[in-house]
Amino acid sequence: MGKAELFLADGVQAAAHGKLAGKVALITGGTSGIGLASARLFQAHGAQVAVTGRSPDGLEQASAALDGQALVLRSDAGSLAEIDAVMAAVKQRYGRLDVLFINAGVASPAPIEQVSEASFDAQIGINLKGVFFTIQKALPLFDGPASVIVTTSITNQLGSPNFSVYGAAKAALRSLVKSLGLELIGRGIRVNAISPGPIDTPMFDRLGLPDAVAAAKKRAIAAKSPSGRFGSADEVAKAALFLASADASYMVGEEIVIDGGMSLL
Ligand SMILES: NC(=O)c1ccc[n+]([C@@H]2O[C@H](COP(=O)([O-])OP(=O)(O)OC[C@H]3O[C@@H](n4cnc5c(N)ncnc54)[C@H](OP(=O)(O)O)[C@@H]3O)[C@@H](O)[C@H]2O)c1
């Protein structure tokens with residue numbers, strides 16, 4: 001392999017002077033699924049990358065998947081003190097930030113009667129409050145044109161029984177991206193969102209469903225999808241790369257839906 005080129009296992013090829021050459025990117029929830037696929041793609045396109053997550057195993061696996069080159073930080077996306085610590089660590093290691101991909105998210109599906117206040121607060125804390133304050137706390141690190149990308153979900157436009165709190169948080173993010181898109185563009189900061197449909201990541205396995213139930217649900221979702229399948233994390237990462245790069249230089253407050261046609265039904 002020539003020094004000027006990097007290759008990813010899935011065949012993605014990018015010049016060292018790629019779409020994010022010389023850029024610094026922070027990806028929350030970057031140790032698994034969509035976040036990790038994006039971190040690998042951003043890195044292949046020349047970015048220096050920092051990722052966050054919570055589980056020690058996830059942090060270790062991400063460090064290896066990113067060839068030991070990334071700043072891998074243990075941080076709870078719902079804790080303002082821990083968001084402060086992430087920004088301090090990024091500043092110390094890289095001095096600035098160009099791309100902020102706020103991707104950490106959790107779903108705790110339950111019928112309305114079974115949603116506790118603690119579960120409600122945790123889902124809103126990570127999926128909404130943490131997103132707002134991550135953007136706020138990153139602002140001092142931006143030094144020139146910057147891109148903020150937020151992961152929403154097609155649940156923000158579809159009704160989704162048992163996912164009411166998660167869907168409401170993601171819908172609030174759709175609004176946040178529009179308002180902050182307008183508020184921050186004057187400073188050269190573009191705020192946009194990616195809205196995935198069903199994507200084959202470990203998220204589904206974390207919902208706490210028995211294996212057989214989870215497998216049956218996955219089959220039903222794939223059968224319902226106009227594309228007949230789940231999307232892959234790499235397919236979402238490509239949209240994140242687009243928004244992160246100068247290719248999306250005129251996009252503000254927008255949301256890219258990547259769902260195989262699911263939300264058109
Ligand atoms: N997969 C889908 O079908 C789908 C569809 C629509 C939207 N999304 C959204 O896509 C995003 C990524 O999900 P994914 O599918 O890639 O799931 P995933 O594989 O489970 O990855 C989630 C990532 O977020 C991290 N995370 C979760 N809670 C966190 C917290 N409180 N603080 C810091 N990191 C946290 C996880 O690490 P730890 O567990 O170690 O904390 C992991 O790195 C989420 O915002 C999700 O809502 C996914």
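The values are calculated or read from the model by the stated rules, or taken from the named source; none is laboratory data. Everything numeric here is computed off the predicted structure, so don't read it as measured data. With ideal geometry, Cβ positions are generated from the backbone for all residues, glycine too; neighbour counts draw on all protein chains shown.
Here's the yes/no breakdown for (1) at pLDDT below 95; (2) not acidic (Asp, Glu):
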| site | (1), (2) |
| --- | --- |
| Leu6 | yes, yes |
| Asp10 | yes, no |
| Ser38 | no, yes |
| Thr52 | no, yes |
| Ser55 | no, yes |
| Val86 | no, yes |
| Lys91 | no, yes |
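Residues in segment 60-78 that are out of contact with any strand residue (DSSP E or B) (no Cβ under 7 Å at 6 or more places or on another chain), crowded, with 16+ Cβ neighbours inside 10 Å and small (Gly, Ala, Ser): Ala65, Gly78. Ala172 meets the conditions (1) buried (at least 18 other Cβ atoms within 10 Å of the Cβ); (2) part of a loop (DSSP other than H, G, I, E, B) in every case but one. The failed one is (2).
Conditions (1) of a type outside the set (Ser, Thr, Tyr); (2) part of a helix (DSSP H, G or I); (3) without any contact (Cβ under 8 Å) to a residue 24 or more places away in the chain, marked per residue:
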site: Ala215; (1), (2), (3): yes, yes, yes
site: Ala223; (1), (2), (3): yes, yes, yes
site: Ser227; (1), (2), (3): no, no, no
site: Ala239; (1), (2), (3): yes, yes, no
site: Leu243; (1), (2), (3): yes, yes, no
site: Asp247; (1), (2), (3): yes, yes, no
site: Met251; (1), (2), (3): yes, no, no
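Is at least one residue of segment 204-211 buried (at least 20 other Cβ atoms within 10 Å of the Cβ) and aliphatic (A, V, I, L, M)? No, because not a single residue in segment 204-211 is buried (at least 20 other Cβ atoms within 10 Å of the Cβ) and aliphatic (A, V, I, L, M). Inspection of segment 132-144 identifies no residue that is within 24 Å of Pro198 (Cα to Cα) and not aromatic (Phe, Trp, Tyr). Of the strands (runs of 3 or more DSSP E) lying entirely inside segment 21-85, those containing at least 3 residues that are within 20 Å of Gly95 (Cβ to Cβ) and without any contact (Cβ under 8 Å) to a residue 60 or more places away in the chain span 48-53, 71-74.
Residues of segment 115-167 that are touching a residue at least 12 places away in the same chain (Cβ under 8 Å), among the small types (Gly, Ala, Ser) and either within 25 Å of Asp259 (Cα to Cα) or within 14 Å of the ligand (Cβ to nearest atom) (or both): Ser119, Ala122, Gly125, Gly130, Ser147, Ser153, Ser164, Gly167.
In the set Asp57, Asp98, Asp84, only one residue is away from the ligand (no atom under 12 Å from the Cβ), of a type in the set (Asp, Glu) and surrounded by fewer than 19 Cβ atoms within 10 Å (Cβ to Cβ); that residue is Asp84.
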